[in-house]
Amino acid sequence: METKKIFNKLDTWDQKIILKYNGFGGDAFTVFLKILSFFGRETIWMLLMVYYLFVFYDPLLYSYITSIFLLGVVIIAPIKKYMNRDRPFESLEEIKVLERKPTSRSFPSWHAYNVVSQGLLLAFLLNSLLITIIVLIFAAIVSFSRIQIGVHYPSDVIFGFFIGFIGFILAMTIVAPILMRVIVFFELVIGGQIHYQIINPLLLENILYTLLVIGLICVIIVLALNKRIKEVIGKQEK
């Protein structure tokens, strides 16, 4: 009973905040936030994974980025399915959706998770307190953008923000070291000359390798634009 009361109070607070800040700042501010919001999408991190594995081979960076991404899949996706929370625009008629409507569940925010966890990775690599502060401010702005645009409740982004910290810590202390061992094992199995932290010569020497990389990039871009493509096709059919 107490738990139900807590969630009811949380819903009331969520609705109050999102109704207050949905569309806040006008059209120009919305465009600015939508641009920043892109950095919370999975697409950019998937492209980086391809880059550091096939183009500019850096096993350490690849293991960091991939570990954080995989933890997001393992943690965020099941919680979304279990909580099964409607998006704000599905529950509140007053909400103005200022970008293409997402189709996944609302809680927690994957954008918040991505921008916090990968931002902390950047701060870790640069070993700078100033960068850490800038990253967290940037992550807070991106998280706020999801509320302003009308696609997430405040609690969605707050929990996504918090899970981002957990994902970063787990990735750096457990998952990335394990992944690095796997990578080293495959390097030994494959043998031959391995080019570290330079543009892979195979991109110019092996047409099949080049096509593989281009194909992976195209798949990621198509997946990112899949919903938009379906919308365009649907309109044409009508």
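Taking the numbered list (1) among the aromatic types (Phe, Trp, Tyr); (2) farther than 18 Å from Val157 by Cβ; (3) surrounded by 16 or more Cβ atoms within 10 Å (Cβ to Cβ) in turn, Phe124 passes all entries but (3).
Condition check for Gly119 on (1) in contact with a Phe, Trp or Tyr (Cβ under 8 Å, 6 or more places away or on another chain); (2) surrounded by fewer than 23 Cβ atoms within 10 Å (Cβ to Cβ); (3) free of Cβ contacts under 8 Å to residues at least 60 places away in the same chain; (4) closer than 15 Å to Leu36 by Cα: one failure, at (2). Counting the residues of the stretch 75-98 that are out of contact with any Pro (no Cβ under 8 Å at 6 or more places or on another chain), of a type in the set (D, E, K, R) and not in a loop (DSSP other than H, G, I, E, B) gives 2. Phe32: assigned to a helix (DSSP H, G or I), within 27 Å of Ile207 (Cβ to Cβ), modelled with pLDDT of 90 or more and more than 14 Å from the chain's Cα centre (by Cα), yes or no? No: the conditions fail for Phe32. Does Ile44 count as within 30 Å of Leu203 (Cα to Cα) and not small (Gly, Ala, Ser)? Considered against the rule, which asks whether it is within 30 Å of Leu203 (Cα to Cα) and not small (Gly, Ala, Ser), Ile44 comes out as yes. Test Ile44 against the stated conditions and say whether it is in contact with a Ser or Thr (Cβ under 8 Å, 6 or more places away or on another chain), in a helix (DSSP H, G or I), under 24 Å from Gly215 (Cα atoms) and not acidic (Asp, Glu). Criteria not met by Ile44.
If a residue must be within 12 Å of Tyr57 (Cβ to Cβ) and part of a helix (DSSP H, G or I), how many such residues does the stretch 195-208 contain?
Of the stretch 195-208, the ones within 12 Å of Tyr57 (Cβ to Cβ) are 195-203.
Pick out the ones that are also part of a helix (DSSP H, G or I) and you get 202-203.
Qualifying residue count, the stretch 195-208: 2.
Considering (1) closer than 19 Å to Leu36 by Cβ; (2) surrounded by 20 or more Cβ atoms within 10 Å (Cβ to Cβ), the lone condition that Glu99 does not fulfil carries the number (2).
Quick grid of which residues meet (1) free of Cβ contacts under 8 Å to residues at least 40 places away in the same chain; (2) within 20 Å of the chain's Cα centre (by Cα); (3) over 26 Å from Ile169 (Cα atoms); (4) surrounded by fewer than 16 Cβ atoms within 10 Å (Cβ to Cβ):
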position: Asn22; (1), (2), (3), (4): no, no, yes, no
position: Gly26; (1), (2), (3), (4): yes, no, yes, yes
position: Val50; (1), (2), (3), (4): no, yes, no, no
position: Leu53; (1), (2), (3), (4): yes, yes, no, no
position: Ser67; (1), (2), (3), (4): no, yes, no, no
position: Ile95; (1), (2), (3), (4): no, no, yes, no
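Among the residues of the stretch 31-44, those identified as surrounded by 20 or more Cβ atoms within 10 Å (Cβ to Cβ) and of a type outside the set (A, V, I, L, M) are Ser37, Gly40.
The values are calculated or read from the model by the stated rules, or taken from the named source; none is laboratory data. Keep in mind that this is a model prediction, so the values were computed, not measured. Positions of Cβ are generated from backbone atoms using ideal geometry, with glycine treated the same way; all protein chains shown enter the neighbour counts.
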